[in-house]
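To start, the structure itself, in structure tokens.
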Amino acid sequence: MEVKDANSALLSNYEVFQLLTDLKEQRKESGKNKHSSGQQNLNTITYETLKYISKTPCRHQSPEIVREFLTAMKSHKLTKAEKLQLLNHRPMTAVEIQLMVEESEERLTEEQIEALLHTVTSILPAGPEAEQKRNPDIVTGDDEDAA
Amino acid sequence: MFVLVEMVDTVRIPPWQFERKLNDSIAEELNKKLANKVVYNVGLCICLFDVTKLEDAYVFPGDGASHTKVHFRYVVFHPFLDEILIGKIKGCSPEGVHGFFDDILIPPESLQQPAKFDEAEQVWVWEYETEEGAHDLYMDTGEEIRFRVVDESFVDTSPTGPSSAEAASSSEELPKKEAPYTLVGSISEPGLGLLSWWTSS
């Protein structure tokens, strides 16, 4: 076995989440095929990864939300890795943004950081725990998910 | 956190699976071979993404199975350097804090300074100084922490041949369970550490 390209593309947590749920559906539909040790590894890793991603805010995203987020990010001039981190973690405070964006004090002014925070929180749906706390404020999540 | 890796491999399909669709058999064999396994210098393989190219299948004399060369892409867990990850504290020890997939270690130098190890409760404590006085912030097990990936190391765990020295035979009976893939993290920056430390603002 040889590895041709160890870094051909970066995947967001949402893409992996969707892939694994589709895979799970497929395997459930095709019936009990080999619940032997061969598939046990796949079951384990699928279960663990799904459990982890379900607790992050990526759960409620959709391709349209991701596309909208990326177009909105274009004006801020961030690297691909930084945009991916923002998409996966959905920072809510300026401190978190400073962590994910390198040298954010030099590259972004305070208003830009505020604008960035605003874009992130308005476009990306909140995570499962945040929804319980901020019930009356949620308007964005429902509109996007209905599509 | 996850990357796509392009790989090429020859997949062997035994004759009793010939009635199934080739694509399904190949997907199953690849997942059986790679899922939940660490590939040296690549990362922890999760699942098959897609098959990009299937070359002709050959049957070799003496073996009834068909061998197909497959070009495919696999989803691999491989955080890049300086990436921020969120994990759960699995345990504390004098070496540092362990978390997530059990193979992530945060050594004491990278904990928020100043930190000390509380022997009585076997947990790490961050002494946070404010105007009112020092707050002791505990790092309890089961808490979620945010950390930055500082380093990664792959260990080749392929079996080696029997060693010639007989003296070493007794020590070799205890297999050294080394994790094939370890991450070293750091939480010594503002914003890192227990999530509850930073969300109260």
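Considering every residue within region B:17-36, establish whether at least one is surrounded by 13 or more Cβ atoms within 10 Å (Cβ to Cβ), part of a strand (DSSP E or B) and more than 10 Å from every other protein chain (Cβ to nearest Cβ). No; the residues of region B:17-36 include none that is surrounded by 13 or more Cβ atoms within 10 Å (Cβ to Cβ), part of a strand (DSSP E or B) and more than 10 Å from every other protein chain (Cβ to nearest Cβ).
Quick grid of which residues meet (1) in contact with a His (Cβ under 9 Å, 6 or more places away or on another chain); (2) surrounded by fewer than 14 Cβ atoms within 10 Å (Cβ to Cβ):
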{"position": "B:V59", "(1), (2)": "yes, yes"}
{"position": "B:T68", "(1), (2)": "no, no"}
{"position": "B:F80", "(1), (2)": "no, no"}
{"position": "B:I86", "(1), (2)": "yes, no"}
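Scanning region A:42-65 for residues that are surrounded by 14 or more Cβ atoms within 10 Å (Cβ to Cβ) and of a type in the set (F, W, Y) yields one hit, A:Y52.
Select, from A:S30, A:S62, A:S36, A:S12, the only residue that is modelled with pLDDT of 80 or more and within 11 Å of chain B (Cβ to nearest Cβ).
A:S12
Could you grab me the full set of residues in region A:1-26 that are charged (D, E, K, R) and loosely packed, with under 14 Cβ neighbours inside 10 Å? Even if it seems obvious, please write down each step before you answer.
Start the filter on region A:1-26 by keeping residues that are charged (D, E, K, R), which leaves A:2, A:4-5, A:15, A:22, A:24-25.
Result: A:E2, A:K4, A:D5, A:D22, A:E25.
The values are calculated or read from the model by the stated rules, or taken from the named source; none is laboratory data. Being a predicted model, the structure only gives us computed values, none of them experimental. No Cβ is skipped: glycine too gets one built from the backbone with ideal geometry, and neighbour counts run over all protein chains shown.
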